[in-house]
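Chemist: Submitted below is the structure of interest, expressed as structure tokens.
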Protein chains: 2
Amino acid sequence: MLRTHTNGELRQEHVGQTVTLVGWVQRTRDKGGILWIDLRDRYGITQLALEEGVESEEVREIARHLGREFVVSVTGTVAERYSKNAHIPTGDIEIRVGKLEVLNPAKLPPFLIEDDTDGGDELRMKYRYLDLRRNPVRNNLMLRHKMAQAVRRYLDGQEFIEVETPVLIKSTPEGARDFVVPSRMNPGEFYALPQSPQTFKQLLMVSGFDRYFQIVKCFRDEDLRADRQPEFTQIDCEMAFVTQEDILNTFEGLVRYLFKEIKNLDFPTVPRMEYADAMRWYGNDKPDVRFDMKFVELNEVVKGQGFPVFDSAELVVGINAATCAAYTRKQLDELTNFVKRPQLGATGLVYARVEAGGVVKSSVDKFYSQEELQKWKTALNANEGDLLLILAGPADKTRKALSELRLEMGQRLGLRDKDTFAPLWVVNFPLLEYIEEEGRYFAMHHPFTSPKPDDLHLLDNPETIGQARANAYDLVINGVEVGGGSIRIHDRAVQARMFSLLGFSPEEAQAQFGFLLDAFEYGAPPHGGIAFGFDRLCSLFGGADSIRDFIAFPKNNSGRDVMIDSPSPISQVQLKELSIKTDVVGK
Amino acid sequence: MLRTHTNGELRQEHVGQTVTLVGWVQRTRDKGGILWIDLRDRYGITQLALEEGVESEEVREIARHLGREFVVSVTGTVAERYSKNAHIPTGDIEIRVGKLEVLNPAKLPPFLIEDDTDGGDELRMKYRYLDLRRNPVRNNLMLRHKMAQAVRRYLDGQEFIEVETPVLIKSTPEGARDFVVPSRMNPGEFYALPQSPQTFKQLLMVSGFDRYFQIVKCFRDEDLRADRQPEFTQIDCEMAFVTQEDILNTFEGLVRYLFKEIKNLDFPTVPRMEYADAMRWYGNDKPDVRFDMKFVELNEVVKGQGFPVFDSAELVVGINAATCAAYTRKQLDELTNFVKRPQLGATGLVYARVEAGGVVKSSVDKFYSQEELQKWKTALNANEGDLLLILAGPADKTRKALSELRLEMGQRLGLRDKDTFAPLWVVNFPLLEYIEEEGRYFAMHHPFTSPKPDDLHLLDNPETIGQARANAYDLVINGVEVGGGSIRIHDRAVQARMFSLLGFSPEEAQAQFGFLLDAFEYGAPPHGGIAFGFDRLCSLFGGADSIRDFIAFPKNNSGRDVMIDSPSPISQVQLKELSIKTDVVGK
């Protein structure tokens, strides 16, 4: 190696040793006749010193011309510092430089390579290799590395086998839009990139692999919202001969292991919540249960007193924002505007303060007597000093708006601390959901999810299809869905029935998924699995909102890598070889 | 779990316990009033017994109708066997079945699910999920799993960080043909799938990651020969602040660790050989050094005796096939035909036997006296009983043919045992090679490989360009190249020079690799790395010639996955969204 030690390694005990260090110049200063250089690498920072009259003037001359981010090699003697720096592990020592060589000079970086940088998003994306030098970004990726190793260690210890499934697969009509790859050797035909290795992992169960996992890239050609990436990574798992309970227990073990290994946090069992309860109590299938503030349905309590908004509403539902009775008019207006935003679309917000002596003062006092308002207080289990927030309207829309309002209040009340983790299993999702625009049912999880045996009969009646529950579950942490899975169908007839419910003709089902239907006839075991969003899981453990800084080379919201300038046009020769043309003139 | 134990778990000590097992029916037999069933899962085989008059007739009736590969659940009592089977770990016990449930019936498989199957290649590819049930195939993939975990354990222990690099990148003109992915959001533009994460791992070094690795899928749209796959897996590694020696030592450590962990083999250091020596001694840059049989150049020895073939040849070169003097005329004809095959194209084979008393009898005795022939014997260090095999012609072609003949003789002599492993570093490859058909130089490794500093001046002269050596190295095991790498260029000017030598204009170089050239100006450290072919490494450790059975779902020689029937046509809607058309009518 071109070094004897890293920049994070030297301590008091090394004093007197001759060492060679390499790294990047973090900063230089010339003070009191001494040139100081902070030398940086992945492992830390070491201070170099070149004192006038002590270190050679020739070497000092080289040092004087070092710029930020120059790559240098220094050989010198480890010396005890006069003034120690307790903030860094190498703070007791410095290097008295005998030899200094510039391995590569550096132009002035376009933004500061410091924990707090002055670079904007676009600039940092273009020079991603410089942004990756900053400690916060590199630490995110080191966390990701540690998470990946821990995940594999745990699963390997549980007899899971890591199997690589193919990346060049077949386009399927169900699910999100596929990225496709034209085949040169099979003109006019295309591979697709996998949205998940779903069918392959099921086939591995049919093959008797018993327990499979993979940390694997998946691809979705969707319009990118903030924090979605066209390529993303899943921890993909499948087990044979299991019930839902077995899967929950196994992967609860993984989650606990990760929290212990990475965050040194001990967790008891992860609580479980029915999907129906999550919707009723939190208006959300991924509730943030770091705080309570459950929904209370108020139809019985508030209707019939002549307030038309409540009387005509399908649902009146409220939360108790404890301790917020002192909210000002301005604050309440902010909350009203929050729920009236187009994406939530509430028509208004009714509030009521529980004032001194338990007296309730509401925004609709002219319709409700104090006696009636006391019923609200009781229903919402409110005390003096609490603020009741109530929405009314169509049930689904109102629950969604109140869910957002609840999260907003949790945020305002400091109940959503990034260092507090509240994992939760949400279980027994509906099997199907009706999408109005498409005029048909879609699989809520995916078409391979098994119905609850008790609910099978509900599929026979068009009126009750939507009520059938699935053996499906999500792992939610702090209001973020970090994983989801299901017990799969392993019976050809049930799978064929499911395809039929989803609008596939038998021929279409056979053409697209014939290999899986056939496989089910050759001895398929009961099986199920789960997939975790690895990017998301890392960002959650890293206490960040965005996944982007947990991905080494992310794409922007147009799906572009602005650093390498991709995608880009390809040559006519390439197009011709692939037997395709573009519709775009000049490309 | 639907089981209490696996089928590989029960022993004498479990006798008397009530257990529930699940698995596949391997075979059934009815003998002496007892129905026997072998129940199989990934972990082993357990024998079930249902005796007439002992186990319930109702359960025996179910058992009587079980077919091969039925998936069943049984509950029963562990009993000691009358006649034990020492060949399997569970051979001391059997299960006396109290309850038997068919979890899923199975159609008769299209081929035998046994270690030796009757299924042909095509059939087994179509029903890959059944082929994967066979022990040899599953064992290959379990070996692969173990190798992957061991690789990560070793590299993690050496401070390497696993970083995922993007799959949707940019098409580049150098190297093999890219697979491309049309971008819907950027019409007329394409991503490419990576042939390797080369530039990204170099950028990670510029970012100060210091040590990077990844087990990663790579893609090449090449015409597929046997044992090439369009998607394949690399162990991809890069280190900063290293010399070639550091890389060789670090990854020699990996190789030794793998041999120890996987095969329990101890290796001393891996020998090193100059590329030039490999070519001179073995006619091959990936010599199989499980056996010696080195080339001996004979120009000085054989020329000038009036044998036109030798006299006119650029190179006369031979090997000593020790102990083969008794080869029959037929065997020698086989060898002659072997070297005369079109792909080798030798014009003939000269041989000489060292007979009793050291007398040499050659196929060209009319040109050579015994005295002359004795010189051959001496040159080739031959003894009584040896056979000398000599080829003559253009140097490169002749060496290549003799290399193949050497391997053939090694095979015939049993010197290429699959359980013997001979790793070797081949070092100091040429930087560039001239490709006649293209009329220009190509990078022998890739365009980012650094020239040997001592050889830099050779690049200044068109006459000597081809002689410049690179800091490039391959790891060869048993004649198979399992890894290769180089110390990279980290200086913008040198990299620009290299692109120029490869025929890029400065504008083309900037358009394609501007991000890398730019990165080199912001403080790039010296760095280098290596990539191992993981599929190949697994097959080598597994003692197999083909990589295909170490890949869960391989493609055939036309790049097709015949199981899922991919690639396939996509819809007009998809094509339109992607702004492309196919040239193929009807697709």
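Chemist: Along the charge dipole of the stretch A:458-521, Cβ charges K/R +1 and D/E -1, which of A:473, A:511, A:494 sits furthest on the positive end?
Modeler: Of the options given, the answer is A:473.
Chemist: Put the label 7 Å from Cα along Cα→Cβ for residue A:112; what are its distances to the other copies, in nanometres, shortest first?
Modeler: 7.5
Chemist: Charges only on Cβ, +1 for Lys and Arg, -1 for Asp and Glu: so what's the dipole of the stretch A:12-104 about the Cα centre, in debye to the nearest 20?
Modeler: 320 debye
Chemist: How much solvent-accessible surface does residue A:456 expose, in Å² to the nearest 10, with a 1.4 Å probe and all protein chains in place?
Modeler: 70 Å²
Chemist: At 1.4 Å probe size, with no ligands or nucleic acids counted, give the accessible surface of residue B:190 in Å², nearest ten.
Modeler: 0 Å²
Chemist: Here's a follow-up. If the chain between residue B:264 and residue B:463 were fully stretched, how many nm would it gain, using 0.36 nm times the residue separation less the Cα-Cα distance?
Modeler: 66.7 nm
Chemist: Leaving ligands and nucleic acids out of the surface, order A:154, A:191 by accessible area at 1.4 Å, largest first.
Modeler: A:154, A:191
Chemist: Dipole of chain A, Cα-centred, from +1 at each Lys and Arg C-beta and -1 at each Asp and Glu C-beta, to the nearest 20 debye?
Modeler: Dipole size: approximately 1180 debye.
Chemist: Determine ³J(HN,Hα), in whole Hz, for all residues of the stretch B:379-393 in sequence, where each value follows from phi through the Karplus function 6.51 cos²θ - 1.76 cosθ + 1.60 and θ = phi - 60°; x replaces Gly and Pro.
Modeler: Those phi angles translate into 4, 8, 6, 9, 10, 3, x, 8, 10, 9, 10, 10, 10, 9, x Hz.
Chemist: Please say if the stretch B:204-320 is rounded, prolate or oblate, where rounded means a/c under 1.5 for a ≥ b ≥ c the square roots of the C-alpha gyration tensor eigenvalues, and otherwise the choice is prolate for a/b larger than b/c and oblate otherwise?
Modeler: prolate
Chemist: Which value, in nm² and rounded to one decimal, describes the direction-averaged projected area of the C-alpha convex hull of the stretch B:236-283?
Modeler: Computing the convex hull of the Cα atoms and averaging its projections yields 4.8 nm².
Chemist: A follow-up question, please. What percent of all Cα-Cα pairs in the stretch A:1-64 falls in each 5 Å bin, counting up from 0?
Modeler: Calculated over all Cα pairs of the stretch A:1-64, the distribution is 4, 17, 25, 24, 22, 8, 0 percent.
Chemist: Where Rh denotes the Kirkwood radius from the mean inverse Cα pair distance, what is Rg over Rh for the protein assembly as shown?
Modeler: Value, to two decimals: 1.02.
Chemist: With runs of 4+ DSSP H residues as the only contributors, calculate the mean residue ellipticity of chain B at 222 nm using -39,500 (n - 2.57) per run, divided by the residue total and rounded to the nearest 500.
Modeler: Helices in chain B give a 222 nm mean residue ellipticity of -8500 deg cm²/dmol.
Chemist: Run through the other copies and list how far each one's label point is from that of residue A:506, in nm with one decimal, shortest first; the point sits 7 Å from Cα along Cα-Cβ.
Modeler: In ascending order, 7.0 nm.
Chemist: Quick check on chain A: of the DSSP beta bridges with both residues there, what percent are antiparallel, nearest 5%?
Modeler: If we restrict to bridges inside chain A, about 95 percent are antiparallel.
Chemist: From other protein chains only, count the Cβ atoms within 10 Å of every residue's Cβ in B:579-585, then give the mean.
Modeler: What the average comes to for B:579-585 is 6.
Chemist: Work out, in µm²/s and without decimals, the Stokes-Einstein translational diffusion coefficient of the stretch B:12-104 at 10 °C, 1.306 mPa s, Rh from Kirkwood over C-alpha pairs.
Modeler: It diffuses with D of about 122 µm²/s by this estimate.
Chemist: If you count, for every residue in A:14-23, the Cβ atoms of partner chains within 10 Å of its Cβ, what is the mean?
Modeler: Counting Cβ atoms of other protein chains within 10 Å of each residue's Cβ and averaging gives 1.
Chemist: What number, in nm² with one decimal, is the all-direction average of the projected area of the convex hull of the alpha-carbon atoms of chain B?
Modeler: 36.9 nm²
Chemist: Working from the alpha-carbon coordinates of the stretch B:316-382, get Rg over Rh, Rh being the Kirkwood radius.
Modeler: 0.97
Chemist: Also, quick follow-up: Would you list A:116, A:223 from the most to the least accessible area, probe 1.4 Å?
Modeler: A:116, A:223
Chemist: Let me ask you something else. When you look at the Cβ of every residue in B:64-70, what mean number of other chain Cβ atoms sits within 10 Å?
Modeler: Whole-number average of other-chain Cβ neighbours for B:64-70 is 1.
Chemist: Still on this structure, I have one more. Is there a pair in A:555/A:576; A:201/B:126; B:84/B:418; B:286/B:377; A:361/A:400 whose C-alpha atoms are over 24 Å apart, and which pairs would that be?
Modeler: A:555/A:576; B:84/B:418; B:286/B:377; A:361/A:400
Chemist: On to the next question. Please arrange B:263, A:581 by accessible surface area, largest first, computed with a 1.4 Å probe and ligands excluded.
Modeler: A:581, B:263
Chemist: Name the long-range amide H neighbours of residue A:470: under 5 Å, sequence gap of 5 or more, or other chain; modelled H, no Pro or chain starts.
Modeler: A:429, A:431, A:452
Chemist: To continue, here is another question. Find every distance from the label point of residue B:30 to the corresponding label point in the other copies (7 Å from Cα along Cα→Cβ) and write them in nm, one decimal, shortest first.
Modeler: 10.0
Chemist: Largest first and to the nearest Å, give the Cα extent of the stretch B:401-502 along each principal axis.
Modeler: The Cα atoms of the stretch B:401-502 stretch 51, 28, 21 Å along the principal axes, largest first.
Chemist: In a Debye calculation with equal point scatterers on the alpha-carbon sites of the stretch A:291-413 and no solvent, what is log10 I(q)/I(0) at q = 0.09, 0.12, 0.19 Å⁻¹?
Modeler: -0.20, -0.37, -1.01
Chemist: Separate question: Heavy-atom accessible surface, probe 1.4 Å, ligands and DNA/RNA ignored: which residues of the stretch B:133-157 lose at least 40 Å² versus the isolated chain?
Modeler: In the stretch B:133-157, residues shielded by partner chains: B:133, B:145, B:149, B:152, B:156.
Chemist: Across the stretch B:162-268, what fraction of all alpha-carbon pairs, as a whole percent, falls in each successive 5 Å bin from zero upward?
Modeler: Whole-percent P(r) values from 0 Å outward: 2, 10, 16, 16, 18, 16, 12, 5, 3, 1, 1, 0.
Chemist: Per-residue accessible area for residue B:335 at 1.4 Å probe radius, Å² rounded to 10?
Modeler: Near enough 0 Å² of accessible area.
Chemist: Under the definition of Cα pairs under 8 Å and six or more residues apart, what whole-number percent is the relative contact order of chain A?
Modeler: Relative contact order of chain A: 13 percent.
The values are calculated or read from the model by the stated rules, or taken from the named source; none is laboratory data. All values derive from a computational prediction rather than experimental measurement. Positions of Cβ are backbone-derived with ideal geometry, glycine not excepted, and every protein chain shown enters the neighbour counts. Surface accessibility is based on the protein's heavy atoms, side chains included, excluding ligands, DNA and RNA. Shrake-Rupley method; radii C 1.70, N 1.55, O 1.52, S 1.80 Å.
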